[in-house]
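The values are calculated or read from the model by the stated rules, or taken from the named source; none is laboratory data. Please read these numbers as outputs of a predicted model, since none were measured by experiment. Neighbour counts run over all protein chains shown; Cβ positions are idealised from the backbone, glycine included.
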Amino acid sequence: MNTATTPATGTFPRGVHPPEGKRFAEDQAIEVLPSPPLVLIPVQQHIGAPCAPTVKPRAKVQVGDVIADVKAFISAPIHASLNGVAAKPVKTTLPNGRRVEAIPITAAGEQLEGRALFEDVYGGEWPRDLSDYEPSSISQAARAAGIVGQGGAAFPTAVKLMKNAAKPVDTILLNGAECEPYLTADYRLMLEAADAIICGLLLAGHATGAKELLIGIEDNKPKAIAQMKVAAEGTPVRVIPVQTKYPQGGEKQLIYATTGRVVPTGGLPLDKGVVVLNVGTAAALARAVVRGKPLTHRVVTLSGAGIKTPKNVLAPVGVSHRALIDFCGGLQDNAARVISGGPMMGFTLGDLDAPITKGTSGITILTHQDVAKAEETSCVRCGRCVDVCPLNLVPTRLALAARYRAWDVAKRYHLNACIECGSCAFACPAQIPLVQLIRLGKAQMPKS
Ligand code: SF4
Ligand code: SF4
């Protein structure tokens, strides 16, 4: 493993500075959504093989029961997030446009509510001494709990935590950057569930044998930096403030900023001995290992000038975007666009009844004023998109190749290496929808 480094700089080359928008929800303590009457739980919420339903229609289920699973290596089971009765699977459309099967569960009987639910998920004591836990049992617990990356990528966490002699891990890096504008779910978790996050980080280190345990947090979150430092006292965990710049939370960007290691185009963090986990994922790992509880709930930010009362909400996986919006008082009259996720990497939502998944970090509601922009014009060859691309790609070429289905050009210019951060589109004075074209190209390009 080549882990040759330059000194860590606390930042990365290129990137952009979009308006942060954090002010809407950053001071809103996490609220718990009252149990909804219905959830619709998609059977594919992760990168990898889709699950198949394992629960029969009309079966009674309890929160945490497995309702869908698959034997594939890269996969994660799906669990009930309500006490209730399952129904026959139906088709639903995820925010990214993918049509998937989903299992409806209608609430029945008592549910854990309010503060009791918050305490069940994040509260109480979290151990620091992990000697009782077998390293291999940690990835097994992550698999059984259906944990996937909560920062949006939704990669199964168990796979990252398995020991692999050919690819040893020396560093676990928690991503607390939350560079996406408007979103504050990770920020609130760092303030309100710091001990669970530290416990998850220690467990990830124990599972992989990594000795370097880091948390990278953007320097526009001084309270979170302070809170995590206090929680990390007496442990080997180091909290590293990084520059506020987008996309600081990209895996390769955060690795470079905190360790100086360069993950090359087409490479993975593991190639440089690093596993990156989101802070919410770490808290979910702690809960899975210490309490044997699966990933059934997550924190979602509702933010932007287009929502009546911005909030950070602990919600069951499978609840509709509409139910969360209603919990925040509904949309403002001037709301123009509902985005699942943040404005840079999220997906404009066509159907508010679409369910949230384990990877849904937020819902951003923009107003007419926010989205008003000039018409698309021709490329003026200014090179700004190239100047800002954190991966050193040539976005204008990629978008053109995608638009005209020139797949040989797309491959030559590493279309698949694009992380869809949207920096190029943000910087483009011609308003060319570069990232949308690239995203479409990635979906349409033949695999071989
Ligand atoms: S080409 Fe991809 S990685 Fe580069 S700025 Fe555009 S969206 Fe981001
Ligand atoms: S930023 Fe826009 S106008 Fe400038 S080179 Fe890139 S695509 Fe063309």
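Some points to look at:
- Candidates P241, P236, P269, P247: the one that is more than 22 Å from the chain's Cα centre (by Cα) and either modelled with pLDDT of 95 or more or not hydrophobic (A, V, I, L, M, F, W, C) (or both) is P236.
- Within this structure, I438 fails the test of being closer than 25 Å to R337 by Cβ, near ligand 1 (Cβ under 8 Å from one of its atoms) and modelled with pLDDT under 95.
- Selection within the range 207-224 - of a type outside the set (S, T, N, Q) and surrounded by 19 or more Cβ atoms within 10 Å (Cβ to Cβ): A207, A210, L213, L214, I215, G216, I217, E218, K221, A224
- Options G304, G260: the member that is in contact with a Pro (Cβ under 6 Å, 6 or more places away or on another chain), away from ligand 1 (no atom under 16 Å from the Cβ) and not assigned by TED's automatic domain parsing to the domain that holds G64: G260
- Wholly within the range 333-425, helices (runs of 4 or more DSSP H) carrying at least 2 residues that are near ligand 1 (Cβ under 10 Å from one of its atoms): 384-388, 395-403
- Close pairs (8 angstrom Cβ cut-off, 6 or more residues apart or separate chains): closer than 18 Å to E20 by Cα in the range 218-231, aromatic (F, W, Y) and at pLDDT 95 or above anywhere: K221/Y187; A224/Y187
- Pair list, Cβ under 6 Å, 6 or more apart: the range 385-414 residue closer than 20 Å to K252 by Cβ, other residue among the hydroxyl-bearing types (S, T, Y) and within 11 Å of ligand 2 (Cβ to nearest atom): C385/T396; V388/S423
- If you go through the range 260-274 and keep only what is surrounded by fewer than 24 Cβ atoms within 10 Å (Cβ to Cβ) and either outside any helix (DSSP H, G or I) or of a type in the set (S, T, N, Q) (or both), you end up with G260, R261, V262, V263, P264, T265, G266, G267, L268, G273.
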